Amino acid sequence: MRNLPGAVGVSLLLVLLTWLLLRGIDSGEPAYAATLRAFDDYALAEASLHRDVLQARTGLLRDYDTFDGAAKAMEDAVGRLRSHARTEGLDTRPVDRLAAAVVQQEELMERFKTSNALLQNSLSYVGLLSTSPAFRADDAQLAPATSALAAAILYLARDTSSDALKALQDRIDKFAQQAPEVGPDAEVARAMLAHTRLLYGLLPEVDATLKAFIAVPSAQPLEETRALYSRHRSVVETSEQRFRLLLYLVSLLLLIALVFLGLRLRARAIALRRRAAFERVIAENSTRLINCSPAETEARLTQVLESFSRAIGADRAYVVLDEKPSRLYVWSRDEKAFPPGWPNKALTLPGQLGVAAPDSITIADANALPPGPVRDALTAAGVRAWACVPLIRPGRVQSIMGFDAFRPIRNKTFPVPVVRLAGDAVANAIEREFLDRERAKLTTRLERARRMQMVGSLASGIAHNFNNIIGAILGYAEMIEPQLTHGTKPAQHIDEIRRAAERGRDLVDNILAFGRRTDARVRPVQVRALLEEAASFLRASLPSGVEPVVEDVSNDITVSGEPAQLQQVILNLCTNAAQAMENGGQIHLAVKLEEVTDLLTIGDVELSPGSYVCLSVSDDGGGFDERVARRMFEPFFTTRLAGTGLGLATVREIVRDHDGAIGAESKPGQGSCFVVWLPAATSAGAAAVEPASLPLGQGETVLIVENERERLLRDEEKLAALGYEPVGFEHAGDALAACRAEPGRFDIILISQGAQTRDGLDFARVLHQVAPLPPVLLAAASTINLSVSRLAEAGISEVLQWPLASTELAAALARCLRKPGTLQS
């Protein structure tokens, strides 16, 4: 049925060509030739008839059968002419007049035959009698009269005028007077007179018949008939010529259509070849992207953009992700830098063009666009032709893949479905990189949670007993110390015992500080004030040969955190630096702002793009080697006999709790430098937040599931105090029904593992399938039995310690709402 219109069109075209061909063929040529032969036959028969009549009149023709043959030929020719006229639908009146002329000629011919027979008979008798012996030459009177009579008859036979008739009458009369009335010649004389008198009346009559026969008007109807057929033939030939011309024009149009169709087929074949080549490029590069690791994604994406650009003839290609700041993957044929603001502005062009959710946008020539912001943006970027494909990543930030050309596109194909496949391949690669990055972060958080849980369990298990033992040692040492003389050996031994017990107590405090989870109050902190306060503490506590040097810091630089913990970071780093300088020296503290445009790896932490405050602490100590650098942040690892191994470990945990990272650079004998990266807080935000506030929400709806009624109410109060709208459920079925009824209602899902009768991960997986967009947080009492693969399959974004602490909950919720890969509201 799909080919029916084409088949009908071809059939109609064949019918038209056949009809034109038949109408253009000279089908009347045989009939017209027969008509011309009929005209020729008529003319020949008429001429023959006239010739025979004249010969008969002169006496040269005695047989009148030829008259009938000529007459029949004329009748047959006229009949053929009449039949052809009727067949062609012509006017038959000229043919009828010609037929009437033929009938008239036949009548005169019959009269002529009769008269001419008598005439010739009489002439024969007259000739015979004029030479008869009866009219002897010796008859002086009758012989001359006979000769004169014969001469008059001959003259009358040649000329039937009145004078000739009068002369013949005179001769007849004279011959009658001289003819003998009796005797043997009298009978001959009487016969002579009778035939002479007959010729006298017959010759004029025959000549009159002959003249009437010759004067029959057949020429005019014959010419009229011939003109009629000539005009008809001219009309037929003109019509046939028009149809032949029309056939030629239709054939010419058909030829042009075939040439055009051939060119279209050729262009289609070229487009299909280009599409096949582009599909092959897509398949090859999709394989590259699928098989690449997250670390290779940027390099592979650059290669893919190059391949796509060369396949479609673009000069530049890029992928833009609308993150804060924007994340870019770019390629340029000339390897030159992109113009300022480009390709970031490309994200706004689809909206400015008024195209909602397009598969792709293609602009063949930017100069052909009407004046406006789109044309101005493309012109400012030096782009003449532009194409873009939105990268569809449900629940993620807006992103596009764009192609620039410095020349207008002419006769270039841009296969939208194939380019859509290319965009999907790139979007999948970016999504896979994002998921791998989130998986790595989740793995790191899970490992840290396990480690913290182990340390916390260890601390809580030994702290009280160990403190009781140390307390007893210190108590007995203090009681016995006054009883001993100062400076004696026993006094010195007791002093060493007391100092060792004090170091043990400090170790227990450090362990508790490292493993304890506290509700720290996060607020914007001015880094300048933080450093000034730390410097005053350091000058009082550091050895006399060590001097802290703080570089000038702007008042605008702020971070969001808990001041005491940040102070502990600075003090621990400076204490570590002071212990590394055995001969004293300077500890340099410096602060600067850094903009991270791409993912930045510091140690085993990846920093998302954004603004960061970099706090560096450098010393002139002995430094350390690669072996120490790999393990120095591990708990209980130390290179000093008197060290606890918890100073740098505590620093790293505090920095990570603040969504930051710490790195170190050092070489043996050349000192060391520790750099702490902390997310910068905006000045406006710092001025607006109260000093003792946590990161607050903006009314986002949080679905929380907890099977204990009292704990559910407390957790809902915590969420409400943090600026969120909690919707709590004691039963998992009720929560699942709410998600199914309104999948887009909730911004975050919080599941307490204690709220499930069997396994919180299974319930999280079901909820994530029903509502895939909201981040899912899991609060677990223990993370020992949790694996990263199970968390990733269930769609878990964060793992929190159960029961919930306000500080950790606020930080986790803030992280989930501002993740660079998550759609912002």
Problem set entry | Eligible aspartates and glutamates near residue 345 by straight Cα distance, threshold 12 Å, same-chain separation 8 or greater | 322, 376
Problem set entry | Ordering of 578-590, 420-432 by burial proxy (mean other Cβ atoms within 10 Å per residue, highest first) | 420-432, 578-590
Problem set entry | Extension reserve of the residue 626-residue 174 stretch, reckoned as 0.36 nm per residue once the Cα distance is removed | 144.9 nm
For this session: Sort the following peptides by mean Cβ neighbour count (other Cβ atoms within 10 Å, averaged over residues), highest first: 364-373, 259-268, 567-576.
Result: 567-576, 364-373, 259-268
Seminar exercise, completed: Distance in nm between residue 547 and residue 235 label points, each 7 Å along Cα→Cβ, equals 12.8 nm
Problem set entry | the stretch 57-128: C-alpha gyration tensor shape, a/c 1.5 cut-off, then a/b vs b/c | prolate
Seminar exercise, completed: For the stretch 84-133 the trypsin sites (Lys or Arg not before Pro) that pass both the DSSP coil test and the at-most-10 other-Cβ-within-10 Å test are none
Exercise. Suppose every K and R has +1 on its Cβ and every D and E has -1 on its Cβ; what is the size of the dipole of the stretch 212-292 about the Cα centre, in Debye to the nearest 20?
Worked result: 780 debye
Problem set entry | Cβ-derived FRET efficiency at R0 35 Å, residue 96 paired with residue 161, nearest 0.05 | 0.40
For this session: Can you pull the one-decimal nm distance between simple spin-label points at residue 62 and residue 47, each 7 Å off the Cα toward Cβ?
Result: 2.9 nm
For this session: Evaluate the distance, in nm, between pseudo-label points positioned 7 Å from the Cα of residue 259 and of residue 242 along their respective Cα→Cβ axes.
Result: 2.8 nm
For this session: May I ask you to compute the full-extension gain from residue 481 to residue 469, defined as 0.36 nm times their residue separation minus their alpha-carbon distance, rounded to one decimal in nm?
Result: 2.5 nm
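Only the coordinates and a few stated rules stand behind these numbers; no lab work does. Please read all numbers here as calculations on a predicted model, not as lab measurements. Backbone-built Cβ (ideal geometry, glycine too); neighbour counts: all protein chains shown.
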